[in-house]
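Rule-based calculations on the coordinates, nothing more; no lab input. This is a predicted model, so every value here is computed, not measured. Virtual Cβ from ideal backbone geometry, glycine too; neighbours counted across all protein chains shown.
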């Protein structure tokens with residue numbers, strides 16, 4: 001695998017995780033607006049933040065190799 005291919009994979013992985021995070025936060029906001037329950041919103045926000053931490057970690061690791 002060439003270096004440019006690994007950068008492309010890392011960038012796509014980060015972009016796709018951004019889409020998943022946006023979806024999770026969007027679903028949390030939708031649930032908050034419908035039910036008024038803050039718990040589900042904060043749960044989705046927490047999952048999104050954990051996913052963001054792992055995604056950035058993997059991105060940085062793949063960029064170094």
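From least to most packed, judged by other beta carbons within 10 angstrom and beginning with the fewest, 54, 41 follow the order 54, 41.
Per-residue extension of 0.36 nm, minus the Cα-Cα distance of residue 34 and residue 9, leaves a gain of 5.3 nm for this segment. For the chain, the relative contact order is 46 percent, taking Cα pairs closer than 8 Å that sit 6 or more residues apart in sequence and dividing their mean separation by the residue count. From largest to smallest, the equivalent ellipsoid semi-axes obtained for the stretch 3-64 from the alpha-carbon gyration tensor read 30, 11, 4 Å. Between residue 19 and residue 43, the distance separating the two model label sites (each 7 Å from Cα on the Cα→Cβ line) works out to 2.5 nm.
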